[in-house]
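Asker: Pasting a structure below so you can have a look.
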């Protein structure tokens, strides 16, 4: 798992995790606030679960493709190989 030993990998993983957390929070607030159906504790658990899934996916992706936190192999697409 050489990919996880790079600073770029961890910055990418962190960016994806924060983005997932923000998107999940925003989605839950938009959907639930008008109906007052979900409290902050539930929102916290859903956000934590989605963020954990994002981190686990990034770690799994480090074993494939270009060893980044993404499942897409962008290096081969950019270099034509």
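Asker: Please label the shape of the stretch 1-40 as rounded, prolate or oblate, based on the square roots a ≥ b ≥ c of the eigenvalues of the alpha-carbon gyration tensor (a/c under 1.5 means rounded; beyond that, a/b larger than b/c means prolate, else oblate). Intermediate values should be presented prior to the final figure.
Answerer: Numbers: a/c = 6.14, a/b = 4.56, b/c = 1.35.
Because a/c hits 1.5 or more and a/b exceeds b/c, the stretch 1-40 counts as prolate.
Asker: Further question on the same structure: Determine the gain in length on full extension of the stretch residue 21-residue 6; use 0.36 nm per residue of separation and subtract their C-alpha separation, reporting nm with one decimal.
Answerer: Length gained between residue 21 and residue 6: 3.1 nm.
Asker: Distances over 17 Å make up what percent of all Cα-Cα pairs in the stretch 2-71? Write out the running numbers ahead of the final one.
Answerer: Working: 1128 of 2415 pairs.
Distances greater than 17 Å cover 47 percent of the Cα pairs.
Bear in mind that the values in this text are calculations on the coordinates, not laboratory data. This one's a predicted model, so the numbers in the text were calculated from it and none came from an experiment.
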